[in-house]
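Below is one structure, written out as structure tokens; comments come after it.
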Amino acid sequence: MTGSDYYIPAVVLAVALVVKSPSFLRTWHSPMSKSIFVILAASAAGFVFGAPPTIERVNRLTGVPNISALIVYCILSCLSCGSLVLLIHWRGGTEGTVRRHTRVWIAATAAVITTFCVLFSLSDVPIEQQREFDTFYATTPYVREMIVLYLSAHTATSVVVATKCWRWARELRQVQAAWTHWGLLILVAAFSLTLSFALFKFLAVGARWAGTDTWDWLSTDVAPPLAGLGAAMTTIGFLVPVVGPRLGSMWVSWRAYRAMKPLWHALEPFAGPGKPMRIRPTSSLEIRAMARSTEIADRLLNLAPHLDGGHREAAERYASSQGCKPEAALIFAEAATIHAALAAARVPGEPESGQPESGQPESGEPESGEPEPGEPESGRKPFALEPGGALPTRVSGTNGLARLSIQFSKIHHSGLPVGGAHSESD
């Protein structure tokens, strides 16, 4: 692995750390936030200080040969501790149990790091080794014990975390926790890689104890890429349950925002005299979707005098007769009623909203004024607003209005609303 193999993932992790910094500052009191911060920071630092160019510079600046090895050992120990502490709080339990387990792992990590420092200070490692420290000094007093302690702690942590994540992932298989489930599976794979890293290191060091250096390549060529990939996947695994729900919410809001556009655009003549809602460029997708649904609701209130209760009832019966489920039939009936109301409220000679200026219908669209199947031609019953200006439709909420808009668009662009009703019921 060259320097870029270390520095590129370090930069990616540093960017993630900067992006998450405002969140860390707001929730610094939370143990989970502190743990995620430690994981990101330790992962980035591990890549930086593990790179051969950095090792050379640090050794030269400090004047202590191979001190970079001690620094990397301490950083990776902090990464393991942060992973365990986050997993403990993530898993939950009684407050006393969580606090006790957290203190045990922090104390154990502090003891291990202290032991690293003591053993390194007692050792004699005058020849700088940028890539072969573990194997070159595998039989050197004190450093030998430090290497064994490091690899043993790394192995134990990997086994414990991978086992706990696997068991928890199996428990979550039957519940609605997809992001957590996938995060745990990623962590199982990540700590399996770090376990493989430790085992390959052990094999190379054991070969040195046996008097041969023919297995050194396991430590210098095979183990480092596994450690790098494992550290990156560890970070991803812990971030997926945290970032995933947010991304999912943004995706749902974006889809709802786009889906509401046809109905929102068709109701534009009923926007009223008030100024349109102003949305900041930095507003979230959730706010944008909520604002659009609010505007649709306001426009429907202005359209209410043209809504026909008889048309609504007939359209719902028609959708039910075509095999629609009750909820789909309700959506179809409301969309058909709004479509008919817009046609009835249109000024004579003015093209229907969404139609070309020439007045020619779009491909596959019925001529305006013709009743839809199931639409009563007479006996209209204007819908009466409830006291307080309630929304004159049984469909409400961002997601509900998004579905209503989708069905409205199908009816508007098709001369066969039966197909639209069927597609909504699928």
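The values are calculated or read from the model by the stated rules, or taken from the named source; none is laboratory data. Nothing here was measured: the structure is a model prediction, and the numbers come from that model. Reconstructed Cβ throughout: ideal geometry from the backbone, glycine too, with neighbour counts over all protein chains shown.
Would a scan of the stretch 238-249 turn up a residue that is outside the structural domain of residue 157 (by TED's automatic domain parsing) and of a type in the set (Phe, Trp, Tyr)?
The answer is no; no qualifying residue exists.
Taking the stretch 254-294 only, how many residues are part of a helix (DSSP H, G or I), within 30 Å of residue 340 (Cβ to Cβ) and not aromatic (Phe, Trp, Tyr)?
18
In the same structural domain as residue 411 (by TED's automatic domain parsing) and loosely packed, with under 14 Cβ neighbours inside 10 Å: is that true of residue 281 in this structure?
Yes.
Just checking, how many residues over the stretch 210-230 are within 13 Å of residue 198 (Cα to Cα) and of a type in the set (A, V, I, L, M, F, W, C)?
5
If you scan the stretch 60-70, which residues turn out to be surrounded by fewer than 19 Cβ atoms within 10 Å (Cβ to Cβ) and either touching a helix residue (DSSP H, G or I) at 6+ places or on another chain (Cβ under 7 Å) or at negative phi (or both)?
60, 61, 62, 64, 65, 67
Give me the residue from the stretch 137-153 that is aromatic (Phe, Trp, Tyr) and crowded, with 20+ Cβ neighbours inside 10 Å and, out of that set, nearest to residue 76 (Cα to Cα). Spell out how you get there, then give the answer.
Of the residues in the stretch 137-153, the ones aromatic (Phe, Trp, Tyr) are 137, 142, 150.
Of the ones still in play, those that are also crowded, with 20+ Cβ neighbours inside 10 Å are 137, 150.
Values: 137: 19, 150: 9 Å.
Ranking the qualifying residues of the stretch 137-153, first place goes to 150.
Hey, could you check the stretch 112-135 for residues that are touching a Ser or Thr at 6+ places or on another chain (Cβ under 8 Å), under 23 Å from residue 51 (Cβ atoms) and of a type in the set (D, E, K, R) and say which is modelled with the lowest pLDDT?
Among them, the one singled out is 131.
If I filter the stretch 166-184 for residues that are more than 16 Å from residue 148 (Cβ to Cβ), small (Gly, Ala, Ser), at pLDDT 90 or above and within 19 Å of the chain's Cα centre (by Cα), do I get at least one hit?
Applying the first criterion (more than 16 Å from residue 148 (Cβ to Cβ)) to the stretch 166-184 yields 166-184.
From the residues that got through so far, the ones that are small (Gly, Ala, Ser) too are 169, 177-178, 183.
Those left that are additionally at pLDDT 90 or above: none.
Among the residues of the stretch 166-184, not one is more than 16 Å from residue 148 (Cβ to Cβ), small (Gly, Ala, Ser), at pLDDT 90 or above and within 19 Å of the chain's Cα centre (by Cα), which makes the answer no.
Results for (1) in contact with a Cys (Cβ under 6 Å, 6 or more places away or on another chain); (2) surrounded by fewer than 22 Cβ atoms within 10 Å (Cβ to Cβ), shown as yes or no for each residue.
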{"position": "157", "(1), (2)": "no, no"}
{"position": "168", "(1), (2)": "no, yes"}
{"position": "188", "(1), (2)": "yes, yes"}
{"position": "203", "(1), (2)": "no, yes"}
{"position": "244", "(1), (2)": "no, yes"}
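Can you find a residue in the stretch 284-299 that is in contact with a Leu (Cβ under 7 Å, 6 or more places away or on another chain), of a type in the set (S, T, N, Q), in the same structural domain as residue 394 (by TED's automatic domain parsing) and surrounded by 13 or more Cβ atoms within 10 Å (Cβ to Cβ)?
Yes, the stretch 284-299 contains a residue that is in contact with a Leu (Cβ under 7 Å, 6 or more places away or on another chain), of a type in the set (S, T, N, Q), in the same structural domain as residue 394 (by TED's automatic domain parsing) and surrounded by 13 or more Cβ atoms within 10 Å (Cβ to Cβ).
Looking at 269, 273, can you tell me which residue is assigned by TED's automatic domain parsing to the domain that holds residue 336, free of Cβ contacts under 8 Å to residues at least 24 places away in the same chain and either surrounded by fewer than 15 Cβ atoms within 10 Å (Cβ to Cβ) or of a type outside the set (D, E, K, R) (or both)?
One residue alone meets the criteria, 273.
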